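Worksheet: the structure to be examined is printed underneath.
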Amino acid sequence: MRILLIGIMRFYHIGGFFLKALQALGQPHVALDRSVYEQTTWRIIRRVTSPFMGGLRLGYRGSNRGILVAARELGPDIVLITGGIPVAASTLQQLKERNGAVLVNYATDDPFNRLLCGRWVAANIPLYDLYACTKRAIIDDVRAAGCQRVAFVPFGYEPSLHFPDEFGSREELEKFSCDVVFVGGGDPDRYPYFEALVRALPGLRLHLYGGYWERNRNLARYARGFALGRDYRLAVRGAKIAPCLVRRSNRDGHVMRSFEVPACGGFMLAERTAEHQELFREGEEVGYFSSAEELVEKVRYYLDHDSERQRMAEAAYHKVTSSNHTYAHRLQQILELAAPLVSERARADLFNLR
């Protein structure tokens, strides 16, 4: 089976995780890395032109030509696009008509969320043969928008990146040790949770990793920059508690952290959502909260119950790492969902992978 993968191929992005899985499968593939475009030095020009192109940016046409060239050389059976990567409707149509490719989108964001996705993302939905959604809440809307084959495929974790790490020095231990850690962007609707924590628990050792936390005057002193790769593992490992907030504006029921925190050996306090409750047992594997007040209550409780917290972290680690939640498993799930749509030869290639 020949697969054309389009996404951001940095190793801490889903495109990079899927690329690693494809390499392990040994299937013919081409991966087009959008991070080169995203990191272009023409940032000011892209920022100026983007509003006039419906959220699209400079370099868009050239990148779409590159997709068609790659498809002509590979002859893909499946084109897998991760999230809102800017692929033109005309490009998608040519991939289907000229190459007979099955078009698949792994929707990591809500395509109808205009804060994260340009209007063209939702407009292109009818062109896809399969939409694999990381959130159940968007499934009916995706189907109503014109894609008839829609499935729920959760996020996952990458075993070579997300695992319990050890501190290499006393300096590392001191740097990352804290009571509560959150790794994620400083969205305004997340502020109240951590503002409530620092008000209610004076002296709380709080570490906030990610962008924009420094913009909040009450939380800026807790901002710790970014945590990627090993720093991510140590940030989770060094904390007693790792809250897991979803993005309500993105209609998330769970997020990448939902699997990554347990896989790194951390104790997770997760927002109480239906998807989280499907994944983890309350009081056995994770704790849950539904409000800032309940988060404060649970943090206060679990800071005083070390053995209970450690027992639950171990149970959640076992749940995640023994239940087919890697991105290699997610890729296999997506390919099997697409299998009825590809040629008999490609389908045979897929099932020979088992």
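No value in this document is a laboratory result; all are computed from the given coordinates. Computed from a prediction, not measured in an experiment: that's the story for all the values here. Every residue, glycine among them, receives a Cβ derived from its backbone with ideal geometry; neighbour counts consider all protein chains shown.
Overview of values
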quantity: Rel. contact order, % - alpha carbon contacts under 8 angstrom, at least six apart, the chain; calculated: 15
quantity: Dipole in debye (nearest 20) - the chain, about Cα centre, beta carbon charges: Lys, Arg +1; Asp, Glu -1; calculated: 1200
quantity: Tensor-based shape of region 264-307 (alpha-carbon gyration tensor, a/c under 1.5 rounded, otherwise prolate or oblate); calculated: oblate
quantity: Phi-based couplings in Hz for region 239-244 (Karplus 6.51, -1.76, 1.60; Gly and Pro marked x); calculated: 9, 6, 9, 10, x, 10
quantity: Convex hull volume of region 170-321 per residue (C-alpha atoms, cubic angstrom); calculated: 108
quantity: Helix-only mean residue ellipticity at 222 nm for the chain, each DSSP H run of n ≥ 4 adding -39500 (n - 2.57), per residue, nearest 500; calculated: -11500 deg cm²/dmol
quantity: Phi-based couplings in Hz for region 84-99 (Karplus 6.51, -1.76, 1.60; Gly and Pro marked x); calculated: x, 5, x, 10, 5, 4, 5, 5, 4, 4, 5, 4, 6, 6, 7, 9
quantity: 0 to 90° range, to nearest 10: angle between helix 306-321 axis and the chain longest Cα axis; calculated: 10
quantity: Angle in degrees between helix 292-303 and the longest Cα principal axis of the chain, rounded to the nearest 10; calculated: 60
quantity: Estimated vicinal HN-Hα couplings, Hz - region 159-175 in sequence order (Karplus 6.51, -1.76, 1.60; Gly, Pro = x); calculated: x, 7, 10, 10, 7, x, 9, 10, 6, x, 7, 5, 5, 5, 4, 5, 5
quantity: Contour excess over end-to-end distance, with Cα ends at residue 248 and residue 297 and 0.36 nm allotted per residue; calculated: 15.5 nm
quantity: Span per principal axis, largest first, for the Cα atoms of region 106-237 (Å); calculated: 54, 35, 21
quantity: Amide H partners (placed H, <5 Å) of residue 152, local residues excluded; calculated: 133
quantity: Gyration tensor (Cα) of the chain, equivalent ellipsoid semi-axes in angstrom; calculated: 37, 23, 19
